[in-house]
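A short reminder: the numbers here are calculations on the coordinates, not readings from a lab. It should be emphasised that the depicted structure is a prediction, and the values quoted were computed from it without experimental measurement. Using ideal geometry, Cβ is built from the backbone for each residue, glycine included, and neighbour counts are taken over all protein chains shown.
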């Protein structure tokens, strides 16, 4: 509201309207002889009208040059103070005092305040000493403070509100910038999560398909092998379908306005761990599985599934034809995952993205992740708190 009043007051015709209104009021008061408490000790009316014309010109610059306009009004008021102070002069002086304090710099406004306080106190002391009537001097001080200090106090309040308004605007701009940065951070984090999911889906399932296909090509064509071929092909088909389903789920998430996917294509969890284990066995990996868990938090459930999936994919690459042990146990308020496999294959020449993804998934739910050589093999171990919250 304050800003609206200020914009309204800065219109070119507004000062002319205000000055004309004050001049009209002054002329009416002079014509009706109501311009002062006593009219005996007064300047001639034509002098007072001339003063009002000068004040009219000063008010035209109440915003462009408030200090000079106030100086002109102050000179007229001090001159008239030797008589009974006319009401029209007092009204214009209060208006110009308010405009000068509001429009000047903060230091200039403080100087004006100090001068007016000193003027009010000085006039009251002189009046008390001259008249020896300190009761009169006290009430003179009260009247002068009302005349000289109250407009300044009012303008200081408006300045303070404007400063608060500017501070609020600055804070609002900063909050918008922070919100935009948070939005960009959230988008980047979501892209990183999507990249991890894409890697897990594509690298996990398609690596299993490649390994199983290679195993199929080296088999001997006999009855026993044909049954095994069928098993491998069924696993290949299952992995392919699962890859497509999960990829479709991610695409649905990207396209959905609310960021929710079709529940029929929700990301895989530990409830589908058996399918993952069957796929690893079909790839030629001998598994010793120990699992014990109930309902898990969604973030922990998905992180655990992806960690085991990546660990088994790596085991297929580096322990083909060998064995691996998978432990998934709940201990207190933690889910402990451990995948230990033999190192029967050649050393890995990968990029390490899988290990990075597993570590990030564990840390995202507040857990701990370790991977490295262990007792002649390779161990992946993750401890996920049951109350973990994805970052």
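With both labels modelled 7 Å from their Cα along Cα-to-Cβ, the residue 14 to residue 165 distance reads 1.0 nm. Find the relative contact order for region 49-201 and round it to a whole percent, using C-alpha pairs within less than 8 Å whose residues are 6+ positions apart. Relative contact order of region 49-201: 19 percent. A protection proxy built from the mean count of other Cβ atoms within 10 Å ranks the segments 47-59, 160-172, 117-129, most packed first, as 47-59, 117-129, 160-172. FRET efficiency for the residue 330 to residue 176 pair, using the beta carbon distance and R₀ = 41 Å, is estimated at 0.40. Descending by average beta-carbon neighbour count within 10 Å, the peptides 61-68, 353-360 line up as 353-360, 61-68, the highest first.
Ranked by the mean number of other Cβ atoms within 10 Å of their residues, highest first, the peptides 366-372, 90-96 fall in the order 90-96, 366-372.
If R0 is taken as 56 Å, the Cβ-Cβ distance between residue 117 and residue 184 corresponds to a FRET efficiency of 0.55.
Here the mean projected area of the convex hull built on the C-alpha positions of region 2-171 is 10.8 nm². The distance linking region 37-96 with region 271-317 is 93 Å (Cα centroid to Cα centroid, whole angstrom).
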